[in-house]
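Below: the structure, in structure tokens.
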Amino acid sequence: MGVHNTRWYPKYHVAAPENWINDPNGFCCFKSEYHLFYQFHPFGVNWGPMHWGHVISKDLVHWKHLPIALKPDEDYDRDGCFSGCGIEKDGSLYIFYTGHMHTPETAELGFDYVQVQCFAVSEDGVNFKKYPDNAIVLVPETEQVHGGDFRDPKVWKHGDKYYMVVGSRTPDKLLGQVLLYESDDIIHWNFKSIMSRAEGNQGSMWECPNFATIDGKDVLIFSPQDVKREINSYLNVYQSGYFIGKLDYKTGIYTHGEFELLDYGSDFYAPQITQLPDGRTIMIAWLDMWNNPMPEQADGWAGMMTVPRELHVRDGKVYSTPIKELESLRVAETSYENQTFYEPKKFEGVSGDVGELIVDIDLKATEEFEIDLRSSAEEKTVLTYNAALGLFKVNRDKSGEGGKGERECPILPADKMKLQIFMDRSSIEIFINDGERVMSARIYPRDNAKDIVFVPTGGTFKIDSIKFYTLGEGIPQP
Ligand code: FRU
């Protein structure tokens, strides 16, 4: 079938080669190359029996497609090879994943599928052999754990041992939780603890747990389902966020602070992190959201990934910034300085559907402003900031096809605001104040919507500097 129209197909983001993709999987560094896998349904533009698609990169920016790494061809994964992780051990690449099986015989227990943890190994990073004694981890038989939902293993090494977190929920399906396992050899695993469980409005099933020590803090990342809307927060069907805390490896008990979102946009889910040999923690997520419309399905593909983001813990929060390697995509630069204006304004050379925009705004002189991206006479994606409210908003009501509505995030008061925005045909990723907040969204405007308009909505718009870069290709076009 193939992708038959590239109007919305990204130029530098990893996306479905054709058909459907969702979560990033197996993100890791193996023999000095970066591997990224993803949930893939190779036979249709909707979700279906999950395979693992595979791309590889030397710099996290330029990617190459590789053959499918995992297919659901064993009894224990017959209905899908669900999400999981990748890790190097003794010169081999191990990928851990969830085998999904429909089991009508368990329906009387309240669930009609069973999920088990499995792994496969590769010596060359391309061909994977499933472990002959899969599955290696079955749902623990305790009254604290739901028998069906048990998925998305993430493995890491600490001291001489390996640890694994798996997403889970309570048997009454009311509270999401994460289970912790321990192993000496990465193959035989012991259930250690329920490492963390939802308290209050923190979701009924925790998908895709990830764990890492970042800047000395133990960060648990997860994607909770069914967090209830609170005024203008949690408007997406599912969320992705984190706790910052401390894991006691002896007891398996994790103490932590509040739940925080990793991204406040309409399309961001199932983030996966990896720690690179140089010490950085890098995150990639699915730049989509369950239940959101995906107009690119008409073109034979569905789904893309975010740009890789570097994570840091500062002032009790996780900051995410685009990795510095993305600068290698920059082709031409247009820049302006010290611009003060009172009417809507466009800048020559600052426009397009693929590019990076960096704007430094003087908030002492600018009480509120609007920036329209992908703007034409009929369409625009509207970003606004209002200092009195302390809110930054993204509105997609006029973005073209696809989802509509508004998302917002709180911003700490300051004299300056820095915006770094990546546009790639059908996506925008907005990094505010060097990663204090991020908002990601899919948008589906027409080809002619390429203007960027700066609109003073509170009298004065004072900009210290604007830089716009056209960006080159990061992954072969279909
Ligand atoms: C998250 C998720 C995972 C699961 C996968 C199936 O988006 O639901 O929990 O492993 O997608 O494709």
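Rule-based calculations on the coordinates, nothing more; no lab input. Values in this document were obtained by computation on a predicted structure and should not be read as measured data. Please note: Cβ atoms are built from the backbone with ideal geometry, for glycine as well, and neighbour counts cover all protein chains shown.
So how many residues does region 15-36 have that are within 16 Å of the ligand (Cβ to nearest atom) and within 20 Å of Asp267 (Cβ to Cβ)?
10
Kindly indicate the residue of region 276-310 that is in contact with a helix residue (DSSP H, G or I) (Cβ under 9 Å, 6 or more places away or on another chain) and either outside any loop (DSSP other than H, G, I, E, B) or of a type in the set (Lys, Arg) (or both) and also nearest to the ligand (Cβ to nearest atom) among those meeting that condition.
The first filter runs over region 276-310 and keeps only residues in contact with a helix residue (DSSP H, G or I) (Cβ under 9 Å, 6 or more places away or on another chain), leaving 302-304, 307-308, 310.
Filter once more, keeping what is either outside any loop (DSSP other than H, G, I, E, B) or of a type in the set (Lys, Arg) (or both): 302, 304, 310.
Values: Ala302: 13, Met304: 14, Glu310: 23 Å.
By that ranking, first place goes to Ala302.
Would you tally the residues in region 99-136 being closer than 21 Å to Lys173 by Cβ and part of a strand (DSSP E or B)? Steps first, please.
Start the filter on region 99-136 by keeping residues that are closer than 21 Å to Lys173 by Cβ, which leaves 100-117.
Still in the list and also part of a strand (DSSP E or B): 100-102, 113-117.
Selection size over region 99-136: 8.
For Trp52, which of the numbered conditions (1) of a type in the set (Phe, Trp, Tyr); (2) over 16 Å from the mean Cα position of the chain (by Cα); (3) under 17 Å from Asp299 (Cα atoms) fails to hold?
Condition not satisfied by Trp52: (3).
Considering only residues of region 247-270 that are more than 23 Å from Asp226 (Cβ to Cβ), part of a loop (DSSP other than H, G, I, E, B) and touching a residue at least 60 places away in the same chain (Cβ under 8 Å), which is farthest from the ligand (Cβ to nearest atom)?
So in region 247-270, the residues more than 23 Å from Asp226 (Cβ to Cβ) come out as 247-253, 255.
Those still in the list that are part of a loop (DSSP other than H, G, I, E, B) too: 249-252.
Still in the running and touching a residue at least 60 places away in the same chain (Cβ under 8 Å): 249, 252.
Values: Tyr249: 25, Gly252: 22 Å.
Looking at the filtered set, the residue picked out is Tyr249.
Scan region 91-102 residue by residue and report those that are within 14 Å of the ligand (Cβ to nearest atom) and among the aromatic types (Phe, Trp, Tyr).
So in region 91-102, the residues within 14 Å of the ligand (Cβ to nearest atom) come out as 95-102.
Hits for region 91-102 are Phe96, Tyr97.
Does region 188-233 hold any residues that are assigned to a loop (DSSP other than H, G, I, E, B) and either hydrophobic (A, V, I, L, M, F, W, C) or within 15 Å of the ligand (Cβ to nearest atom) (or both), and which are they?
Once the filter is applied, which keeps residues that are assigned to a loop (DSSP other than H, G, I, E, B) and either hydrophobic (A, V, I, L, M, F, W, C) or within 15 Å of the ligand (Cβ to nearest atom) (or both), region 188-233 yields Trp189, Ala198, Gly203, Ser204, Asp226, Val227, Ile231.
From the residues in region 172-193 that are more than 15 Å from Ala135 (Cβ to Cβ) and either among the acidic types (Asp, Glu) or out of contact with any Phe, Trp or Tyr (no Cβ under 8 Å at 6 or more places or on another chain) (or both), which one is surrounded by the most Cβ atoms within 10 Å (Cβ to Cβ)?
My answer is Leu175.
Pick from Asn448, Asn386: which is out of contact with any helix residue (DSSP H, G or I) (no Cβ under 9 Å at 6 or more places or on another chain), closer than 23 Å to Tyr234 by Cα and polar (S, T, N, Q)? Before you say what the answer is, go through the steps one by one.
Numbers: Asn448 fails: closer than 23 Å to Tyr234 by Cα.
Residue meeting the stated conditions: Asn386.
So if I check each of Lys154, Lys130, which one is among the basic types (Lys, Arg), over 17 Å from Pro72 (Cα atoms) and in contact (Cβ under 8 Å) with a residue 12 or more places away in the chain?
On the way: Lys130 fails: over 17 Å from Pro72 (Cα atoms).
Of the residues listed, the single one that is among the basic types (Lys, Arg), over 17 Å from Pro72 (Cα atoms) and in contact (Cβ under 8 Å) with a residue 12 or more places away in the chain is Lys154.
Of the numbered conditions (1) touching a residue at least 40 places away in the same chain (Cβ under 8 Å); (2) under 23 Å from His146 (Cα atoms); (3) within 16 Å of the ligand (Cβ to nearest atom); (4) surrounded by 14 or more Cβ atoms within 10 Å (Cβ to Cβ), Val237 fails exactly one; give the number of that condition.
(4)
Given the residues Ile244, Ile273, which is the only one that is farther than 22 Å from Val307 by Cα, assigned to a strand (DSSP E or B) and not small (Gly, Ala, Ser)?
Exactly one of Ile244, Ile273 is farther than 22 Å from Val307 by Cα, assigned to a strand (DSSP E or B) and not small (Gly, Ala, Ser), namely Ile244.
Given the residues Glu105, Glu123, Glu74, Glu88, which is the only one that is over 20 Å from Leu36 (Cβ atoms), in contact (Cβ under 8 Å) with a residue 24 or more places away in the chain and away from the ligand (no atom under 14 Å from the Cβ)?
Values: Glu105 fails: in contact (Cβ under 8 Å) with a residue 24 or more places away in the chain; Glu123 fails: over 20 Å from Leu36 (Cβ atoms); Glu88 fails: over 20 Å from Leu36 (Cβ atoms).
So the residue among Glu105, Glu123, Glu74, Glu88 that is over 20 Å from Leu36 (Cβ atoms), in contact (Cβ under 8 Å) with a residue 24 or more places away in the chain and away from the ligand (no atom under 14 Å from the Cβ) is Glu74.
Just one of (1) over 22 Å from the mean Cα position of the chain (by Cα); (2) buried (at least 17 other Cβ atoms within 10 Å of the Cβ) trips up Thr255, so point out which.
(2)
Sort through Phe454, Phe431 and tell me the only one that's within 18 Å of Lys346 (Cα to Cα) and part of a strand (DSSP E or B).
Phe454
Every residue, every condition in (1) under 27 Å from the mean Cα position of the chain (by Cα); (2) within 28 Å of Leu262 (Cα to Cα), yes or no:
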site: Gly125; (1), (2): yes, no
site: Pro140; (1), (2): no, no
site: His146; (1), (2): yes, yes
site: Asp149; (1), (2): yes, yes
site: Trp156; (1), (2): yes, yes
site: Asp184; (1), (2): no, no
site: Asn201; (1), (2): yes, yes
site: Pro209; (1), (2): yes, yes
site: Ala212; (1), (2): yes, yes
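Return yes when Asp73 is in a loop (DSSP other than H, G, I, E, B) and under 24 Å from Asn134 (Cα atoms) and no when it is not.
yes
Just for strands (runs of 3 or more DSSP E) wholly inside region 379-425: which have at least 3 residues that are touching a residue at least 12 places away in the same chain (Cβ under 8 Å) and hydrophobic (A, V, I, L, M, F, W, C)?
Filter on region 379-425 gives 391-395, 416-424.
Inspect region 5-21 for any residue being touching a Lys or Arg at 6+ places or on another chain (Cβ under 6 Å) and aromatic (Phe, Trp, Tyr) and give the result as yes or no.
yes
Determine whether Asp447 is more than 16 Å from Asp360 (Cβ to Cβ), crowded, with 16+ Cβ neighbours inside 10 Å, among the acidic types (Asp, Glu) and in contact (Cβ under 8 Å) with a residue 24 or more places away in the chain.
Here the answer is no, as Asp447 does not meet what is asked.
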